[in-house]
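*Asks:* Let me begin by handing over the structure; questions about it come next.
The values are calculated or read from the model by the stated rules, or taken from the named source; none is laboratory data. Just so you know, these numbers come straight off a predicted model, no measurement behind them. Each accessible area value is taken on the protein alone, full model and side chains, heavy atoms only, with ligands, DNA and RNA left out. Shrake-Rupley method; radii C 1.70, N 1.55, O 1.52, S 1.80 Å.
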Amino acid sequence: MLGTKYGVSLVVIALGQAAAAEAVFALFRYRRWMPGVTLLAALAVGVVYNFCLLFFYY
């Protein structure tokens, strides 16, 4: 995985996605595990992923 030309960007994108999801869960102080919070975290991950695609590939 790290031996390809996408290795570094793959790690950066994965860390960004994890940070986005954790930020949303931290916003709700890890106390609410409702579908709305999970969907908000998924939306944040999607936004970060699209930003990374624009930054790394386009």
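*Asks:* In whole percent, and with a 1.4 Å probe on the protein chains, what portion of the accessible area of the chain is carbon and sulfur?
*Replies:* Roughly 73 percent, rounded to a whole number.
*Asks:* Related question: Compute the acute angle (0 to 90°) between the alpha-carbon long axis of helix 7-27 and the principal axis of greatest extent of the alpha-carbon atoms of the chain; round to the nearest 10°.
*Replies:* That works out to roughly 10 degrees.
*Asks:* I would also like to ask the following. Over the chain, what is the mean sequence separation of C-alpha contacts under 8 Å (at least six apart), divided by residue count, expressed as relative contact order in percent?
*Replies:* Relative contact order comes out at 41 percent.
*Asks:* Then there is this: Per 0.36 nm of contour for each residue apart, how much would the distance between Tyr6 and Ala19 grow if the chain were fully extended, relative to their Cα-Cα spacing?
*Replies:* Between Tyr6 and Ala19, full extension yields 2.7 nm more.
*Asks:* Would you calculate, for the chain, the mean residue ellipticity at 222 nm contributed by helices, counting each DSSP H stretch of 4 or more residues as -39,500 (n - 2.57) and dividing by all residues, to the nearest 500?
*Replies:* The per-residue figure over the chain is -26000 deg cm²/dmol.
*Asks:* Under a 1.4 Å probe, what is the accessible area of the chain per residue, stated in Å²?
*Replies:* Dividing the accessible area of the chain by its residue count gives 78 Å².
*Asks:* On average, how much area does the Cα convex hull of the range 1-57 cover when viewed from any direction, in nm²?
*Replies:* The directionally averaged projection comes out at 4.1 nm².
*Asks:* When only the heavy atoms of the protein chains count and the probe is 1.4 Å, how do Phe56, Phe51, Phe25 rank by accessible area, highest first?
*Replies:* The most accessible residue leads, giving Phe51, Phe56, Phe25.
*Asks:* Right, here's the next one. Where does helix 35-56 land angle-wise versus the long Cα axis of the chain, in degrees 0 to 90, nearest 10?
*Replies:* Value to nearest ten degrees: 20.
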